[in-house]
Amino acid sequence: MKKKKIALLVLPLIALSLLLANCDESCSEPDEPKHETTLTLSPQSAQLKVGQTLQLTATVEPKTKQSVHFSTSNNNIATGNENGLVTAVAEGTATIKATVNNSEATATITVIKNEGEQYALALSPQNAELKEGETLQLTATFVPPITTPQAITYTSSDTNVATVSNEGLVTAIKAGEAVIKASAMNLEATCSVKVVAQTPQNDFEISNIRITSTNIIADITPRDPNMRYYCEVINMWNYKKIVEKSGDMAKANIDFWYNAVANKDPEKFKKAILINTVSGKQTLNHRADPDFPLPDNHEAVLVVYGLDPDSGEAITHIDIITLKTEARKPVSPELSFDTEVTNITNTKATFVVKPTNKNATYWWDVLPWENIEFYTNPSPEFEIIEDVKSTEYMLFDLVRQTYRIKKQASQIKKGDQTIQLPSNVNLKPNTEYGLILFGWDETYSITSKPKFVKFKTAE
């Protein structure tokens with residue numbers, strides 16, 4: 001009897017356990033339904049003419065704080081900004097897609113051309129007259145207007161007269177005429193620019209001007225003997241780059257002194273101006289200028305203007321005088337060299353040089369042979385200075401480095417010479433070098449072809 005009673009008690013407990021187990025799986029509170037984000041675009045399709053715009057409307061349900069992002073399948077056909085404003089660019093079909101919270105919607109945009117409507121590019125002004133050193137900002141517009149930004153290319157017919165930046169800023173270089181052309185979408189527009197010489201304002205009297213390959217001589221007398229003024233001689237290709245980037249030399253110098261020299265410190269800036277300006281009558285001799293020596297028949301620019309020593313701003317007009325170095329004078333009879341390398345040790349060498357023309361001056365120097373090969377056999381894309389061959393540039397650079405240190409170069413020789421390299425040249429043992437010889441005249445620059453004599457120091 002007791003066993004039966006126990007069995008009767010166990011059965012209700014098992015039934016209750018099964019009921020509770022089933023209730024855990026099926027009798028809990030039901031989950032709240034999840035709301036999917038629904039995004040729609042209106043209109044879903046549209047036809048626009050080139051240049052027209054259309055505002056798309058995005059509807060999001062339920063509302064969300066997330067922004068709707070717009071994109072286009074082809075920017076060359078139609079663009080869509082962050083607010084859903086569509087702009088027709090060119091004929092064709094593009095899809096504008098809107099996305100938010102992993103939901104998306106699209107609108108098909110068909111762009112057709114404007115029948116009978118032609119676009120034109122206008123440049124303002126169409127004619128201009130500038131003084132040397134002045135600048136002018138050109139404005140290019142499309143007719144009828146095109147709301148989509150278009151890339152515009154600017155070119156000058158004569159960069160010796162006037163240059164133009166990528167943004168349409170024209171800089172007058174020297175007296176003459178040039179045509180500035182703007183190009184975009186196979187359209188063109190032009191502005192005729194006439195550059196006239198600066199009208200003398202008697203700020204400075206500049207006289208006795210003479211330029212050679214290695215220096216410029218000029219007497220400068222300011223109208224106001226107490227005025228601080230700046231004067232510089234710079235080769236034409238560097239001058240063009242500076243005015244194209246900065247607008248004029250004064251602004252370029254002010255920016256350089258303030259940012260690079262003074263590190264944006266106002267007091268240091270004033271000191272930098274005083275160091276780089278002069279007062280009273282000056283006789284220029286720019287033998288040590290980093291732009292010199294210049295090749296023959298190359299242009300340089302003498303720039304002179306008064307400066308406010310406190311602000312660094314120009315207080316007079318900028319005098320810009322364009323000069324050209326004297327043409328190369330051939331040596332007669334032609335100059336060549338007989339050479340012999342003697343007494344070579346691991347750090348020294350002696351050379352016997354016998355020029356064929358005993359009256360001609362010539363230049364000598366020594367470089368590592370790998371440096372000489374770099375210039376004499378340059379890679380096709382290697383170009384340093386406009387219209388100057390790489391070998392000639394190497395020769396000019398040798399001269400330039402010497403003139404920076406001293407006014408009279410000891411490398412200039414005449415007639416038969418025995419040249420011994422001093423120990424401070426620091427030749428390295430077991431290394432290939434080259435003796436360089438070429439005719440050099442301080443007025444007429446390089447006067448003969450260079451000769452390279454290869455030698456190797458002892459181990």
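Side notes on the structure shown:
- Summed over the stretch 55-77, the residues that are modelled with pLDDT of 90 or more, among the aliphatic types (A, V, I, L, M) and part of a strand (DSSP E or B) give a count of 0.
- Checking Leu274 against (1) in a helix (DSSP H, G or I); (2) modelled with pLDDT of 85 or more; (3) closer than 15 Å to Asp319 by Cβ, the condition it does not meet: (3)
- Filter result (open to solvent by 50 Å² or more (accessible area, probe 1.4 Å) and either in a loop (DSSP other than H, G, I, E, B) or touching a Lys or Arg at 6+ places or on another chain (Cβ under 9 Å) (or both)) within the stretch 159-192: Thr159, Asn160, Asn166, Glu167, Lys174, Ala175, Glu177, Met185, Asn186, Glu188, Thr190
- Of the residues making up the stretch 312-356, those that are part of a strand (DSSP E or B) and either of a type outside the set (Val, Ile, Thr) or touching a Cys at 6+ places or on another chain (Cβ under 9 Å) (or both) are Ala314, Asp319, Leu323, Lys324, Phe337, Asp338, Glu340, Phe351, Lys354, Pro355.
- For the stretch 232-264, filtering for residues that are more than 13 Å from Gly312 (Cβ to Cβ) and surrounded by fewer than 15 Cβ atoms within 10 Å (Cβ to Cβ) leaves 5.
- Positions within the stretch 311-327 being open to solvent by less than 50 Å² (accessible area, probe 1.4 Å) and touching a helix residue (DSSP H, G or I) at 6+ places or on another chain (Cβ under 9 Å), in sequence order: Ser311, Gly312, Ala314, Ile318, Ile320, Thr322
- Complete set of residues in the stretch 57-70 that are of a type outside the set (Val, Ile, Thr) and either farther than 16 Å from Ser42 by Cα or touching a residue at least 40 places away in the same chain (Cβ under 8 Å) (or both): Ala58, Pro62, Lys63, Lys65, Gln66, Ser67
- Test result for Ser73, open to solvent by 30 Å² or more (accessible area, probe 1.4 Å) and either without any contact (Cβ under 8 Å) to a residue 24 or more places away in the chain or under 36 Å from the mean Cα position of the chain (by Cα) (or both): yes
The values are calculated or read from the model by the stated rules, or taken from the named source; none is laboratory data. All figures in this text were calculated on a predicted structure; none of them were measured in a lab. Cβ atoms come from the backbone with ideal geometry, glycine included; neighbour counts cover every protein chain shown. These area figures cover heavy atoms from the full protein model, side chains too; ligands, DNA and RNA do not enter into them. Shrake-Rupley method; radii C 1.70, N 1.55, O 1.52, S 1.80 Å.
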